[in-house]
Amino acid sequence: MRARKRPSVFPPPAGRTQGKGTGVLAATVCCKGVAIVHDVYDPAELQPASQRAGTQEVAFRRVVERAITVSPALRQALEAAGVSPERVTLADLPRIPLLKKESLPGRQGEAPPWGGWLARPLADVRRIFVSPGPIYEPEGRMPDYWGFAPALFAAGFRRGDIVLNTFSYHLTPAGAMFDGALEALGSVVVPTGVGNIEIQVKTLQDVRARGLIGTPSFLALVLDKVGERGARSSLEVGFVSGEPLSESLRTDLESRHRMRIGQAYAIGDIGLIAYECSQRTGLHVAERVVVEIVDPATGARLPDGEMGEVAVSFLSDLYPLLRLGTGDLSRIAPGSCACGRTSARLERIFGRVGDAVKVRGIFLHPHDLDRAMARYPEVARYQAVVTRREHQDELTVRLETGGPQTRLGGAVADSVREVTRLRAIVEVLPPGTLGPNEKKLVDLRKWD
């Protein structure tokens, strides 16, 4: 039976034709023999699970074969698991010790700058990014290195779309992640970066942008400013990452601005891990990674449906991180998805393992705060509190000193921003306000 072409969930604007960077129409056959056409970026998104397993097995064996002689970290990981490089398979992954993300700064400090994980010549690296920690992250020279094109396509971004990319292009990789994906799609990028709301809104209106990419909180700021001007926004699609997207915020923005907002889960070391489709029944695991849900303490793989830490193995010839423990909590969603994509789905990100929290898209660790406070011996105790007001993260640093300090608040705020890249409100408290056993970092945000 011939498959009948049906329009995409997100058809291109009138006058546009499909071409390179606009995805493919791929047919699958349901139980009654009826051909259903799915609009996807890559046909691999629809492949049977057995075929995906075989493809990833080949990729994994190739990565190990190429990296074993040049990546001491990968070699040590296999040795610790008692696995022979010549015989290793994906079935051996659970035997490999977890590589905890919070350990990367120390490992990279011991073997700078990659901690022994880079598996290609330095000439194959396009850029070196520096995330808080510091953690150094390489970007390869291949197109869409960070893998976001399928996620943006699923969210409705198309060839020829004018898109504001409001993620930072400074030091951290988020701006480049989406820039490369939009280039692969054939979209037109306006690299606005973070801040300058008035300029962002004027640019959006002047160029008639169809799409906007950023954190949920910054997207809300831009759209609120558009609403204040009383103008009809040209935006039809938005895409967010870097912090949780509450359903109440999404519903509010979509209804008021007549647009659709998609989301993805990613980390700076690897890029895209999982992304949302039009069904919104979870986050589809990307073809480029192998994801496990594991016991945070033992690293043992957990059955589908159980809550645990997300561990990711990156099938990359350049930076083949194995079993990176992200510190994020999730579980595998049950059943299949009506969109036709066949990969496993993460239900959502439920929280964090350990003490680190994400504030305005940036990881904040207690040891970062220790570094900022080490400059001020007059600070006896401190506590950083993360809250959320009107869909915006707020960081407040509360501190005690040995006596009156009229100018200390501003100096500490500057130090916190220098170390963490986060603006903070500083409150100087009377001695004895903070107890000796208070946590240094407290997250009071609530997500629906």
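Values in this text are rule-based calculations from the coordinates and carry no lab data. Everything numeric in this text was worked out from a predicted model, so none of it was measured. Cβ: placed from backbone, ideal geometry, glycine included. Neighbour counts: every protein chain shown.
Taking the Cα centre of the chain as origin and assigning +1 to Lys and Arg Cβ atoms and -1 to Asp and Glu Cβ atoms, the resulting dipole is close to 1240 debye.
Within the range 122-354, DSSP assigns beta bridges of which about 65% are antiparallel (rounded to the nearest 5).
Under Stokes-Einstein, with the Kirkwood radius over Cα pairs as Rh, the value for the range 122-354 at 4 °C and 1.567 mPa s is 71 µm²/s. Rounded to the nearest 500, the helix-only mean residue ellipticity at 222 nm of the chain stands at -7500 deg cm²/dmol, with each DSSP H run of n ≥ 4 adding -39,500 (n - 2.57). Each residue, Arg126 and Glu378, gets one label point 7 Å from its Cα in the Cβ direction; the gap between the two is 4.9 nm. Electrostatic bookkeeping for Val312 treats Lys and Arg as +1 and Asp and Glu as -1; over the other residues with beta carbon under 9 Å from its beta carbon, the sum is -1. With the simple spin-label model, which puts each label point 7 Å out from Cα in the Cβ direction, the Ser84 to Lys446 separation comes to 5.8 nm.
Exposed loop sites, defined as GluC sites (Glu not before Pro) outside DSSP H, G, I, E and B with at most 16 other Cβ atoms within 10 Å, are absent from the longest region of the chain, namely 87-305.
Taking 31 Å as the limit for the C-alpha separation, the pairs Lys101/Lys439; Lys202/Lys446; Lys101/Lys446 exceed it in the case of Lys202/Lys446.
Using C-alpha pairs below 8 Å separated by at least 6 residues, the relative contact order for the range 284-383 is 21 percent.
Residues within the reach of a label modelled at Ala49 (point 7 angstrom out along Cα to beta-carbon, backbone nitrogen below 17 Å), restricted to the range 342-374, are 342-347. When the Cα positions of Ile197, Phe148, Thr172 are compared along the charge dipole of the range 140-199, Phe148 comes out farthest toward the positive end, with charges on each C-beta of Lys, Arg, Asp and Glu. The DSSP beta bridges internal to the chain are antiparallel in roughly 65% of cases. Normalised by residue number, the volume inside the convex hull of the Cα atoms of the range 359-443 is 91 Å³ per residue. One decimal place: the segment Arg256-Leu429 gains 58.1 nm when fully extended, by the rule 0.36 nm per residue minus the C-alpha distance. Along the positive direction of the dipole of the range 324-448 (beta-carbon charges: Lys, Arg +1; Asp, Glu -1; about the Cα centre), which of Val359, Leu434, Ile332 reaches farthest? Checked the options; the winner is Ile332. Taking every alpha-carbon pair in the chain and binning the separations at 10 Å intervals from zero gives 4, 19, 29, 26, 15, 5, 1, 0, 0 percent. Extension gain for the segment Thr396 to Arg62, taken as residue separation times 0.36 nm less the Cα-Cα distance, is 115.5 nm to one decimal. Counting only residues at least eight positions apart within a chain, or on another chain, the aspartates and glutamates with an alpha carbon under 16 Å from that of Lys100 are Glu110, Glu137, Asp269, Glu292, Asp295, Glu309, Asp328, Asp355.
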